There are 4 protein chains.
Amino acid sequence: MHTAVHPTAATSGAGAAKAIRVAVAGATGFTGQELLRILSRHPSVRLTAATSSGAASSTGARKLPALAHIFKGQITPLDPPSLAQDADVVFLALPDKAAAELAPMLVEAGVRVIDLSGAFRLQDQALRARWYPETRALPQGLAYGLTELERPSVADARMVANPGCYPTATLLALRPLISAGLIAPGADIVVDAKSGVSGAGKTLSERTHFSEVHGSVAAYGVFGHRHGAEIEQGAGCQVNFVPHLMPLDRGLLSTIYVRVPPGTTEESLASVYERTYAGEPFVRLVGAALPEIKHVAHTNFCDIGWRVDPSGRAVLVSVIDNLLKGASGQAVQNMNVMLGLDQTTGLL
Amino acid sequence: MHTAVHPTAATSGAGAAKAIRVAVAGATGFTGQELLRILSRHPSVRLTAATSSGAASSTGARKLPALAHIFKGQITPLDPPSLAQDADVVFLALPDKAAAELAPMLVEAGVRVIDLSGAFRLQDQALRARWYPETRALPQGLAYGLTELERPSVADARMVANPGCYPTATLLALRPLISAGLIAPGADIVVDAKSGVSGAGKTLSERTHFSEVHGSVAAYGVFGHRHGAEIEQGAGCQVNFVPHLMPLDRGLLSTIYVRVPPGTTEESLASVYERTYAGEPFVRLVGAALPEIKHVAHTNFCDIGWRVDPSGRAVLVSVIDNLLKGASGQAVQNMNVMLGLDQTTGLL
Amino acid sequence: MHTAVHPTAATSGAGAAKAIRVAVAGATGFTGQELLRILSRHPSVRLTAATSSGAASSTGARKLPALAHIFKGQITPLDPPSLAQDADVVFLALPDKAAAELAPMLVEAGVRVIDLSGAFRLQDQALRARWYPETRALPQGLAYGLTELERPSVADARMVANPGCYPTATLLALRPLISAGLIAPGADIVVDAKSGVSGAGKTLSERTHFSEVHGSVAAYGVFGHRHGAEIEQGAGCQVNFVPHLMPLDRGLLSTIYVRVPPGTTEESLASVYERTYAGEPFVRLVGAALPEIKHVAHTNFCDIGWRVDPSGRAVLVSVIDNLLKGASGQAVQNMNVMLGLDQTTGLL
Amino acid sequence: MHTAVHPTAATSGAGAAKAIRVAVAGATGFTGQELLRILSRHPSVRLTAATSSGAASSTGARKLPALAHIFKGQITPLDPPSLAQDADVVFLALPDKAAAELAPMLVEAGVRVIDLSGAFRLQDQALRARWYPETRALPQGLAYGLTELERPSVADARMVANPGCYPTATLLALRPLISAGLIAPGADIVVDAKSGVSGAGKTLSERTHFSEVHGSVAAYGVFGHRHGAEIEQGAGCQVNFVPHLMPLDRGLLSTIYVRVPPGTTEESLASVYERTYAGEPFVRLVGAALPEIKHVAHTNFCDIGWRVDPSGRAVLVSVIDNLLKGASGQAVQNMNVMLGLDQTTGLL
């Protein structure tokens, strides 16, 4: 059995000394900071390391004013061996290339890894070679962490490839209908997705300058966004995916256009979704009311709505906070599942 | 001959006394104010009336601080007979119902009318009955004012139905390809459109409250937006149209997903667009660079970009300022065409 | 002894049955929804009522999509007698007039009241008559709930007047210096405050229309904002207060200009602040780094920074989330203090 | 006589061949692009050069999509000798250091220079040494281009130092009262200014990243902003100046707190302002209504409002578009004055 940590420790009442030790590599980026925020308050874990390539050794509070009084540790330089030694679970909030190198080493050392980069999301080797050329083989015990739809494999995994933000919102709405045979074949599936700027990360570029984004909207990455490949992998078919940059900081809305078989109604879709997501705390079904980004910002929820017209056209709308359900929130949800904790721990 | 005004007057050098007399009904809404701004500086016309249903008789400057030192006239209550008498051209920036009643009366009185409402945009009587039930018969001499594609009929018209903002952006990108036979039949046409809030007008509603819009994105009117019917009328086929509200004030981006015949390339589309829009001052072709709302805000431009992939999928992106090319700017462009003026007069 | 509830119940381990019963009157406004969000997850209380004047009896989830899966109760019409009977603590998130009428009745009935309106904030009768004419006498056992600076009286109170958002941010920065004698007399105190739109509440007005606020900034209420009187009450001297509306949803920044005695340094101020706020979890001192709204949005923190120049001028900058530390967060903090709970319960 | 250009040429009717030749150095920054936009449509000038340090020789349209169909020239590398030869007037939209070097050379060569940098704004040598150390001596014939208050010296100047955005908005409101003796001595003058992000220029920095600015407000440069020295120079006394960064792209609002002598009323101020700005097309006096950024965005207007209370406190509020009246618009206004043209030419 490959379990390196003892989830029971967290609930044994023996207190902080026995808490699961977690580390965050890449702690000062947007997703890294969200991880620190969540994990600092998570009742079953103890943050033992938070690293940054840019860190000398200034305190986190000084570099991260939003986290003062919340995260009280230090930001330290990344040191893989000590990471493996001091943590039972390591979150990688690193660029693809850095994650591609570090993850296998940590898995090898017996540490559980939750990787927020894209490096290990694609199973097809040719696609991986195109989009993530630095990634070598996929580690044993790897799961794709779309929690609600992959819970058993996440529970057993040694490493989780945490999904991209666009695939998370899109697949949670699309896949239940595909699995239920409700998508008519032969018609294009169009995914028109709209994201806030934090999805582009902290790196400075003309694209993320306030004056370029404010008051504007732009499509980008048409026919050439790596999340397109990830969505197609999850959907099992070709998908017409175009992401757009919106003038907001957090949040993502995916509008999905499909054809459904004759006679399919909004109630047909409702019953599929209700069956799929019964009891799921983080998926909220809003039906014809249609969801809005505002309702999920700063939460780990995914809200899904849908409309069907008599001619057989259906529109699905799915919204998430790209930094939480689309990144750090789902990462902690996956950790909870891996450790046998209630999946909402630390996330409500 | 139905011409009620003498375009030559404007260029005869006889000065302001002979300038074409224009009026704006509904002058304090968003589009009405834009009309005042443009027409106040237009060298060939003289504003003889600016009316508002709410006006007692306060000066425009007091009610419209943004127009102080620009529009120096008075905002007066709407009085149809004097409107017909004092103006050669009347712009209607009114709710559909008010425009439906007023326009035929003005046309009857020999005044040229440019209607920014939706009341006279749909030619099919059944559709009109559904979306604009207050509209009775269409007046003689009515043109649909999508200027670049309908110039001859606009030039001859007694009345122009100024297009909606979504149809303007969408049809300028879509129709040249349809006319050229470049849209493969049998596949859905998806129009995913994103608009700023000013498109919803000045009326207060929960939907336009700052706190609802800021930091959010939402789809609305799925399978039930009247601009969908207008787009289908212009395209001549069914279109899957979903508008979205974005957290910005002005501007509109339409992403259009179509299938093109095998072998069609980006160059194929380029040559169609270049042929269609050669010499057009207000259409800018950006090709694979893709356009952004920021580039057209506060202008009368429509920027169009496109991408094609080898599998025969094409994505068209079209952007406008919804208050200018999508409303008041195109309205003045239409007036210029009707009067035989250079179409850019007052708009650059 | 006036204690109507037994704080020990919350920690007795006897479970939800003995939890303190709390109610929210005015649950669908911005502050009301924040209260529902916090109290639904608060481990020591049980929400027994959430009322709205507009409620027929739709479920909260239907009316409040952001709170689906969080608040599972019903929104009911306001019924004062049952409110008094079913709750130990009642939060009033109502307009001033409604709060002015309801609060005394509830206090009379032995319920503890936390009032988020302005009705009971001013102690001077003449000022109250000017700004809150509907308020009659102040109830016995009333405290002003600026928690960090009024904790003893809050702990003993039967009713708390929860401070306004502008006074909260301003007084937490200003009052320690006044108490320490560090404000030079004879010079004006200028408070230039900037707030997000949610501070204006959900009521629709031209002022809160997205298109009016986006891309704009405006001063309002110069020499005539009731929070000016509240700040002067807390400061004990005249203050030059001008609020501004900013194009953001949440958050408030107060820039305070004072004169300090010769020889005063940034270190002098630091030592006063550190003494005042030692051990306070919700006040973070950032000194010359200066605070930003982004760092406190969606939290109950107040961040305070300051600069002093050799000529004796000092600038203090204080930021809060107007809906949390400036309203609902501080209201729950006050409840915690009243009930003898750790003041951070439910707020981290 | 130092006149290098013949203003009459522009109005002689001899056509474009005799138009005044103008050049823009630094044409791809925010203010450079605004200059191109204005000058391309200016009826009396001909753009003969637009340079950028980064330019190889791509067309402006390709690098500047917003200016396609407007600016039809080329962006070329900066070459001072040819600049001096090909232009009668050169606008410098360059960093301080580059302008400090280039301006004297161009003045020497007989070219009129309008410098949008800060390099030549401060007359006091010690202050200049502190804030603009690269600037050597001030050229002969230099004027400070706060047009409305310095018109005679601008008309006679060989070179204009175009004012900073904060000083423009602040001094247009403050200086008439100082000149009229309406500012009570002995009390601090506080200038709390709020600016959009474009004021920081196109340079990428953490400060201008969309995610840092959106939803936030921050003070910066307290006691250390070079515009403070420029305001004090224009006011002739010490001023307490704190700029703030707002989540908007364009626009600037300055709130000014002063003491006025006993008995001063809002009418007293009105009569001073009306006398000062009688007939000025770009200054709009709004009195107690108070101005808003929205009303001046994308224009060359400065709107000024004021409130006075009986205790002798006055609040002045002044708004401009920082890129136009605060930079490129005022620069062209200054050119018009230098050339004897109507000052509004090209600006309405």
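Taken together, the values in this text are just the output of simple stated rules run on the coordinates, not laboratory data. If you're wondering where the values come from, they're calculated on a predicted model, not measured in any experiment. Here the Cβ is made from the backbone with ideal geometry for all residues, glycine too, and neighbour counts use every protein chain on show.
Listed values, structure above:
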{"read-out": "Pair-distance profile P(r), taking every C-alpha pair of region D:218-273, with 10 angstrom steps and integer %", "value": "18, 39, 30, 13, 0"}
{"read-out": "Candidates B:Gly110, B:Gly26, B:Gly118, ranked by Gaussian network fluctuation over chain B, Cα under 10 Å, top entry", "value": "B:Gly110"}
{"read-out": "Reach of A:Lys194 by Cα under 16 Å, taken over lysines that are not fewer than 8 positions away in the same chain", "value": "A:Lys294, A:Lys325, B:Lys194"}
{"read-out": "Neighbourhood net charge (13 Å Cβ-Cβ; Lys/Arg +1, Asp/Glu -1) for C:Ala157", "value": "0"}
{"read-out": "Label 7 Å beyond Cα on the Cβ vector: C:Ser53 copy-to-copy distances, nm", "value": "2.7, 5.7, 6.1"}
{"read-out": "For a label point 7 Å along the Cα-to-beta-carbon line of B:Ala288, residues of region A:195-228 with backbone N under 15 Å", "value": "A:220-225"}
{"read-out": "Per-q log10 I(q)/I(0), region D:219-348, q = 0.15 Å⁻¹ (Debye; single scatterer per alpha-carbon; no solvent)", "value": "-0.85"}
{"read-out": "Residue of chain D nearest the D-to-B rotation axis [by Cβ], rounded angstrom distance", "value": "D:His298, 3"}
{"read-out": "Rg/Rh ratio calculated on Cα atoms of region C:308-348 (Kirkwood radius)", "value": "1.29"}
{"read-out": "Bins of 5 Å, starting at 0 and running to the largest distance - Cα pair percent for region C:176-292", "value": "2, 9, 16, 19, 19, 15, 11, 6, 3, 1"}
{"read-out": "Taking region C:95-241 and dividing mean pair separation by its residue count, relative contact order in percent (alpha carbons under 8 Å, at least six apart)", "value": "23"}
{"read-out": "Theoretical FRET efficiency, 1/(1+(r/R0)^6), r = Cβ-Cβ of C:Gln85 and B:Ala126, R0 60 Å, to 0.05", "value": "0.55"}
{"read-out": "Projected label distance in nm at D:Tyr220 and C:Leu204, using a 7 Å step from Cα toward the beta-carbon", "value": "3.8"}
{"read-out": "Over chain D, relative contact order from alpha-carbon pairs under 8 Å, at least 6 apart, %", "value": "17"}
{"read-out": "For region C:282-312 and region D:330-348, distance of Cα centres in Å", "value": "44"}
{"read-out": "Kirkwood-based Rg to Rh ratio, the protein assembly as shown, C-alpha trace", "value": "0.96"}
{"read-out": "Cross-link partners of B:Lys97 among lysines (Cα-Cα below 21 Å; sequence separation of 8 or more within a chain)", "value": "B:Lys202"}
{"read-out": "Relative compactness, region C:34-160, computed as alpha-carbon Rg over 2.2 N^0.38 Å", "value": "1.11"}
{"read-out": "Exam field: D:Pro133 pseudo-label spacings to other copies (7 Å along Cα-Cβ), nanometres", "value": "4.5, 6.3, 7.6"}
{"read-out": "Exam field: B:Asp86 pseudo-label spacings to other copies (7 Å along Cα-Cβ), nanometres", "value": "5.2, 6.0, 7.9"}
{"read-out": "Dimensions in Å of region D:90-178 - Rg and Dmax from alpha carbons", "value": "12.7, 40"}
{"read-out": "Antiparallel %, DSSP beta bridges [both residues in region A:35-166], to 5", "value": "10"}
{"read-out": "Förster radius 35 Å - calculated FRET efficiency between C:Ser153 and C:Ser311, Cβ distance, rounded to 0.05", "value": "0.35"}
{"read-out": "Longest to shortest principal axis, alpha-carbon extents of region C:125-174, angstrom", "value": "28, 24, 13"}
{"read-out": "Inter-chain Cβ neighbour average for residues C:199-209, partner chain, 10 Å", "value": "4"}
{"read-out": "Distance cut-off 25 Å, percentage of C-alpha pairs in chain A lying past it", "value": "52"}
{"read-out": "Relative contact order (%) - region B:280-329, alpha-carbon pairs under 8 angstrom, separation at least six", "value": "36"}
{"read-out": "Aspartates and glutamates with Cα under 19 Å of C:Lys18, excluding same-chain neighbours fewer than 8 positions away", "value": "C:Asp86, C:Asp88, C:Asp342"}
{"read-out": "FRET efficiency for C:Glu280 and A:Arg136, using Cβ-Cβ distance with R0 set to 51 Å, rounded to 0.05", "value": "0.50"}
{"read-out": "Ratio of Rg to Rh over region B:272-347 (Cα coordinates, Kirkwood Rh, two decimals)", "value": "1.05"}
